[in-house]
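Q: Take a look at this one; I'll ask things after.
A short reminder: the numbers here are calculations on the coordinates, not readings from a lab. This structure is a prediction, so every number in the text was calculated from the model and none was measured. Methodologically, a virtual Cβ is constructed for each residue, glycine included, from the backbone with ideal geometry; neighbour enumeration extends over all protein chains shown.
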Amino acid sequence: MSNILIKTQDEISLMREAGRLLASVFSVLDHFVKAGVTTLEINDFVENYIVNELKSRPASKGQYGYQYVLNSSINEVVCHGVPSPGKKLRERDIVNLDITLEKDGFIADSSKMYMIGDVLPIAKKLVDVTYDAMWKGIACVKPGATIGDIGHAIQSYSEKHGFSVVRDYCGHGIGREMHEDPQILHFGKPNTGITLQEGMVFTIEPMINQGSYKTKQKKDGWTVITRDRKLSAQWEHTILVTSSGFEVLTLRNEEMNTAHN
């Protein structure tokens, strides 16, 4: 626990604002993401909006040498898909857009799945189950719960629907730094791992695969794909542990009726 930074009320207020701003990015993206748009066009649109409209900083750009403001992970790409001028979204694609935003020294992190056109039924099921699994995990968050409780809720729900949980990547603490302690695994056993306490802030971001949970990294050093080339989906929110449960700092407008604490 010694490496976990418990946020003060002032810090939480700043993180709440960063989360609110990041949620607004997805609201404008909803009208931009469609078939025929390249992932680099999406990247540039988001960068312009964050910098010029929100007067904020895209926290991913320059992090670990990364040149872009978001990850665009299409179909079999699990995470860390790199925007490209040659990669157009096509009908039936599913794509995860993972975006970070820093305002006044604090970072928010969130991702959303987009289904392009009339996707295959299995793709829609995977996207929907992954979203619901994330919320199963979020619902476990409260002081005294454990990280294992979160992982178990996500894993059991996903596997019940015939899907698998990626083991190689996980959620993370967040604040002044994009990646802080603790690590939030999306699989596990109840009553195991670190105990949650009020003031912790971390991401819950399950990556759920249609087939095997095994992944491989491409030669670009970033893009992670499913080893069996089947589909993968991911959703992500930044979560605060409150005195009585949780607060979703990156909650989007369309989700206002979803978050039950």
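Q: For a label point 7 Å from the Cα of SER212 along Cα→C-beta, name the residues of region 135-171 whose backbone N is under 14 Å from it.
A: Backbone N within reach: 164-168.
Q: Next question. Which length gain, in nm to one decimal place, applies between ILE6 and ILE194 when the Cα-Cα distance is subtracted from 0.36 nm times their residue separation?
A: 66.3 nm
Q: With Kirkwood radius over Cα pairs in Å in mind, check (i) 24.3; (ii) 18.2; (iii) 20.3 and report the label derived from this structure.
A: (ii)
Q: Within the chain, which DSSP H helices have Cα atoms that stretch 27 Å or more along the helix axis and a mean Kyte-Doolittle hydropathy of at least 0.0?
A: Once both thresholds are applied, what remains is 9-29.
Q: Can you tell me the relative contact order of region 114-261? Whole percent, Cα pairs under 8 Å, sequence separation 6 or more.
A: This gives 25 percent for region 114-261.
Q: Does region 113-202 classify as rounded, prolate or oblate by the C-alpha gyration tensor (a ≥ b ≥ c root eigenvalues; a/c under 1.5 gives rounded; else a/b over b/c gives prolate, otherwise oblate)?
A: It comes out prolate by the Cα gyration axes.
Q: Still on this structure, I have one more. With an 8 Å Cα cut-off and a minimum separation of 6 or more residues, compute the relative contact order for the chain in percent.
A: 23 percent
Q: Right, next: Which one, SER212, VAL165, VAL25, projects farthest toward the positive side of the charge dipole computed for the chain from Cβ point charges (K/R +1, D/E -1)?
A: Positive-end residue among those listed: SER212.
Q: Beta carbons within 10 angstrom, averaged per residue: use that to sort the peptides 147-158, 109-120, 14-25, highest first.
A: Per-residue Cβ counts within 10 Å, averaged per peptide and sorted highest first, yield 147-158, 14-25, 109-120.
Q: For the peptides 33-42, 236-245, what is the packing order when you average, over each peptide's residues, the other Cβ atoms within 10 Å and list the highest mean first?
A: 236-245, 33-42
Q: Would you mind working out the magnitude of the charge dipole of the chain relative to its Cα centre, with +1 at each Lys and Arg C-beta and -1 at each Asp and Glu C-beta, to the nearest 20 Debye?
A: So the magnitude is around 820 debye.
Q: Is there a quick way to get the dipole size of region 1-114? I mean about its Cα centre, with the Cβ of Lys and Arg at +1 and of Asp and Glu at -1; what is the value in debye to the nearest 20?
A: 160 debye
Q: Need one number for region 15-64: average projected area of the convex hull over its C-alpha atoms, nm².
A: Working: hull surface 15.7 nm².
The number I arrive at for region 15-64 is 3.9 nm².
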